[in-house]
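I have placed the structure first, in the form of structure tokens, so that the comments after it can refer back to it.
The values are calculated or read from the model by the stated rules, or taken from the named source; none is laboratory data. A quick note: this is a predicted structure, and the numbers were derived from the prediction, not measured. Here the Cβ is made from the backbone with ideal geometry for all residues, glycine too, and neighbour counts use every protein chain on show. These area figures cover heavy atoms from the full protein model, side chains too; ligands, DNA and RNA do not enter into them. Shrake-Rupley method; radii C 1.70, N 1.55, O 1.52, S 1.80 Å.
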Amino acid sequence: MTTGITAPGVVGVRVPGRSVRHDIRAIKIVLHREMLRFVNDRTRMVSTLVQPVLWLFVMGTGLSTLVSRGPSQGVDFRTFMYPGVIAMTVITTAMFSAGSIVWDREFGFLREMLVAPVGRASIVIGKCLGGGIVATAQGIIILALAGLVHVPYSPTLIITLLGEMFLASFAITAFGVSLAARMKNMQTFFGIMQMAIMPMIFLSGAMFPLSNLPAWLSFLTKINPLTYAVDPMRHAVFTHLDVSPQAVEALNPGVHWYAWHVPVAAELGIVALMGIALLGVAIAQFRRTD
Amino acid sequence: MTTSEEPAVAVRGLKKNYGDVEAVKGIDFEVRPGEVFGFLGPNGAGKTTTISMLCTLSRPTGGSASVAGHDVVKERDEVRRNIGLVFQDPTLDGYLSAEQNLRFHAELYGVPKEVVGERIRQVMEMVALWDRKDAKVMTFSGGMKRRLEIARGLLHSPRVLFLDEPTVGLDPQTRSAIWGYINKLRHTEDITIFMTTHYMDEAEYCDRIAIIDHGEIVVIDSPEALKASVGKDRVQIQTADDQTAITALAERFGLDAAVREGVVTFAVASGEEFVPRLFADLGVPIRSVHVSRPSLDDVFMNYTGSTIRDAEGESGASAWMRARARR
Ligand SMILES: Nc1ncnc2c1ncn2[C@@H]1O[C@H](COP(=O)(O)OP(=O)(O)OP(=O)(O)O)[C@@H](O)[C@H]1O
Ligand SMILES: [Mg+2]
């Protein structure tokens with residue numbers, strides 16, 4: 001299988017057989033492209049920031065006049081919303097990253113990837129890691145705003161949040177890719193994404209505390225996978241706040257399955273498992289596109 | 001170029017159906033190593049469908065095919081490793097620079113790290129784009145994009161390069177430049193080229209041509225042999241009285257002439273030697289004479305019964321749209 005060098009000065013190339021090293025290179029370059037695209041696309045960076053900033057400073061400020069006299073015990077409503085807004089930011093950014101697969105298909109670039117001698121898995125893993133990193137980077141901008149909503153810049157908090165953000169965005173990108181793998185145009189994808197993501201954000205406890213909800217709503221929040229991505233972030237923020245136990249009880253009640261308070265580690269485990277399962281679905285969907 | 005006798009591409013009974021549409025109806029052919037093999041046919045003939053089966057992008061409905069000695073269904077990875085592909089529609093990432101596009105390709109194909117940079121420079125210099133390497137691809141013209149895609153297809157030194165209408169929608173200069181690269185390639189790389197076109201004049205650059213129409217191969221041969229099989233030259237004359245001339249041609253020379261594109265046209269062996277007899281014996285004043293050698297157009301006409309333009313009429317609009325889209 002050599003490709004000969006028949007003219008002086010021509011660099012002959014030999015494409016190697018399938019190997020783990022080759023797969024890793026493929027993953028790395030797909031990921032690299034994802035980041036280049038993100039860095040080059042300032043409009044997207046700004047537009048995915050508008051929504052969370054509106055939520056945090058417009059909705060949050062507006063609503064805080066209503067709720068500050070309630071059981072929140074002097075905790076700024078914006079402080080409460082902060083982890084929810086982080087989650088929202090990484091979720092939308094991750095979905096956008098996943099959606100770029102549909103875009104690649106429309107503009108033909110996907111075929112360049114599909115005809116290459118690499119496994120579909122490498123392409124999907126690269127894409128999901130890329131989506132995870134890009135969304136986390138976007139989240140860092142929100143992290144920088146912590147001081148404005150009375151959240152301390154503590155290194156342990158920042159590291160915890162970064163890890164949780166990456167986990168959540170990886171899982172969401174995998175979800176998005178499994179949706180996008182077989183879609184032919186952008187409109188369909190965004191339509192479906194709106195339909196899937198908005199209810200999930202609403203039911204995740206990103207905007208309201210999970211305590212004292214009516215049974216039906218409480219049930220819906222518990223079967224919503226996003227809940228388990230948002231709750232650890234809120235938990236992390238609240239452990240770094242100096243607030244009364246009543247306020248913690250009201251605003252950061254955690255998730256309960258019957259009487260069992262689901263620990264943060266288990267919640268993160270659920271997100272990780274979901275992420276891996278969705279990654280598997282995405283790879284399978286991709287294999288079927290041939 | 002290669003001593004190996006194994007065909008670069010071997011196709012047997014290859015078929016593809018899209019629902020009720022039989023896009024490819026069981027074709028057979030072989031491409032020899034080192035050859036430039038042309039697939040010539042009108043829009044919708046099944047050229048792209050055949051290429052996508054050979055490149056492992058779509059599964060044949062029936063029959064078998066191997067590329068560089070590997071089966072396109074059972075050994076897809078092996079096939080992919082050995083081919084380069086320039087699609088009919090553009091497949092570049094416009095937001096990346098030219099060099100970034102090539103680097104992406106090199107990594108995806110596992111081109112050894114120590115030669116990546118050098119190889120990228122080489123293929124980009126070949127298509128005269130090295131000085132534009134840092135420009136975003138979306139700022140490129142249609143012809144530049146096409147050249148970049150050809151460079152990318154060659155980056156990993158494929159054994160077989162597939163080019164699906166490499167020059168569609170390009171101006172004559174760019175077309176001839178692209179043919180220049182393809183010719184150069186035959187001398188610098190050990191490569192077999194499989195290309196499709198519906199430009200008659202381009203088919204002449206090929207060593208052998210398969211004419212495909214409605215999913216079937218009509219004939220395969222070298223351009224010269226195909227022309228020889230038509231055998232006759234085409235003579236066009238302008239006369240004072242076309243009808244009398246046509247009657248005279250039939251009566252005195254036994255030739256079947258007709259008015260086409262406003263001039264009396266007929267086919268005759270050794271046209272140039274026939275012209276003096278024409279002037280001597282026709283009996284109708286002749287204003288001008290034009291003799292042309294049989295072109296592939298005539299070959300196509302001869303084998304399919306329609307000119308390639310007529311055949312395109314059915315879906316001419318789509319060709320136009322594609323040509324526009326590339327700009
Ligand atoms: N994905 C598809 N689904 C359904 N029909 C298809 C598909 N791809 C091709 N066809 C049909 O198969 C036939 C052959 O198409 P193909 O694209 O192979 O033609 P072609 O020779 O490449 O033509 P052109 O010169 O226009 O590129 C056409 O009738 C086309 O409509
Ligand atoms: Mg085609």
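The criterion of being in contact (Cβ under 8 Å) with a residue 12 or more places away in the chain, in contact with a Gly (Cβ under 6 Å, 6 or more places away or on another chain) and assigned to a helix (DSSP H, G or I) does not hold for A:Met200. For region B:34-86, filtering for residues that are within 14 Å of chain A (Cβ to nearest Cβ) and within 16 Å of ligand 2 (Cβ to nearest atom) leaves 10. Scanning region B:102-121 for residues that are at the interface with chain A (Cβ under 8 Å from one of its Cβ atoms) and open to solvent by 10 Å² or more (accessible area, probe 1.4 Å) yields B:Arg103, B:Glu107, B:Pro112, B:Val115, B:Glu118.
Look at region B:41-57: where a residue is polar (S, T, N, Q) and a partner is near ligand 1 (Cβ under 6 Å from one of its atoms) and outside any helix (DSSP H, G or I), sitting 6+ places away or on another chain with Cβ atoms under 6 Å, you get B:Thr48/B:Gln88; B:Thr49/B:Ala23.
For region B:155-172, residues that are on the phi < 0 side of the Ramachandran plot, in contact (Cβ under 8 Å) with a residue 12 or more places away in the chain and of a type outside the set (A, V, I, L, M) total 8.
Only residues that are without any contact (Cβ under 8 Å) to a residue 40 or more places away in the chain and surrounded by 15 or more Cβ atoms within 10 Å (Cβ to Cβ) were counted in region A:141-161, giving 1. Residue count for region A:8-58, restricted to those that are over 18 Å from the mean Cα position of the chain (by Cα) and among the aromatic types (Phe, Trp, Tyr): 1.
Need a quick list: strands (runs of 3 or more DSSP E) entirely within region B:7-99 having at least 3 residues that are among the β-branched types (Val, Ile, Thr) and either out of contact with any strand residue (DSSP E or B) (no Cβ under 9 Å at 6 or more places or on another chain) or open to solvent by less than 10 Å² (accessible area, probe 1.4 Å) (or both). In region B:7-99, the matching strands (runs of 3 or more DSSP E) lie at B:21-31.
Determine, yes or no, whether B:Ser97 is among the polar types (S, T, N, Q), away from ligand 2 (no atom under 16 Å from the Cβ), away from chain A (no Cβ under 14 Å) and without any contact (Cβ under 8 Å) to a residue 60 or more places away in the chain. Criteria not met by B:Ser97.
Of the residues making up region A:28-48, those that are more than 10 Å from chain B (Cβ to nearest Cβ) and buried (at least 17 other Cβ atoms within 10 Å of the Cβ) number 5. List the pairs whose first member sits in region B:271-290 and is at pLDDT 85 or above, whose second member is part of a helix (DSSP H, G or I), and whose Cβ atoms are under 6 Å apart, counting only residues at least 6 apart or on separate chains? If the second residue must be part of a helix (DSSP H, G or I), the pairs left are B:Val289/B:Val275. Scanning region B:141-161 for residues that are outside any helix (DSSP H, G or I) and of a type in the set (Lys, Arg) turns up just one, B:Arg159. Being at pLDDT below 80 and surrounded by fewer than 19 Cβ atoms within 10 Å (Cβ to Cβ) holds for only one residue in B:Gly262, B:Gly254, B:Gly231, and it is B:Gly231.
Rundown of residues vs (1) within 14 Å of chain B (Cβ to nearest Cβ); (2) assigned to a helix (DSSP H, G or I), yes/no style:
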{"position": "A:Ala87", "(1), (2)": "no, yes"}
{"position": "A:Ile91", "(1), (2)": "no, yes"}
{"position": "A:Gly99", "(1), (2)": "no, yes"}
{"position": "A:Val102", "(1), (2)": "no, yes"}
{"position": "A:Glu112", "(1), (2)": "yes, yes"}
{"position": "A:Pro117", "(1), (2)": "yes, no"}
{"position": "A:Ala121", "(1), (2)": "yes, yes"}
{"position": "A:Val124", "(1), (2)": "yes, yes"}
{"position": "A:Lys127", "(1), (2)": "yes, yes"}
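Considering the conditions (1) more than 16 Å from ligand 2 (Cβ to nearest atom); (2) open to solvent by less than 10 Å² (accessible area, probe 1.4 Å); (3) within 13 Å of another protein chain (Cβ to nearest Cβ), B:Phe162 is excluded by exactly one of them, (1).
When A:Thr221, A:Thr239 are screened for being among the β-branched types (Val, Ile, Thr), modelled with pLDDT of 90 or more and surrounded by 18 or more Cβ atoms within 10 Å (Cβ to Cβ), only A:Thr221 passes. For region B:122-140, the count of residues that are free of Cβ contacts under 8 Å to residues at least 60 places away in the same chain, in contact with a Gly (Cβ under 9 Å, 6 or more places away or on another chain), within 9 Å of chain A (Cβ to nearest Cβ) and part of a helix (DSSP H, G or I) is at least one. Check whether at least one residue in region B:172-187 is among the basic types (Lys, Arg), open to solvent by 40 Å² or more (accessible area, probe 1.4 Å) and facing chain A (nearest Cβ under 7 Å), and report yes or no. No - not one qualifying residue is present in region B:172-187.
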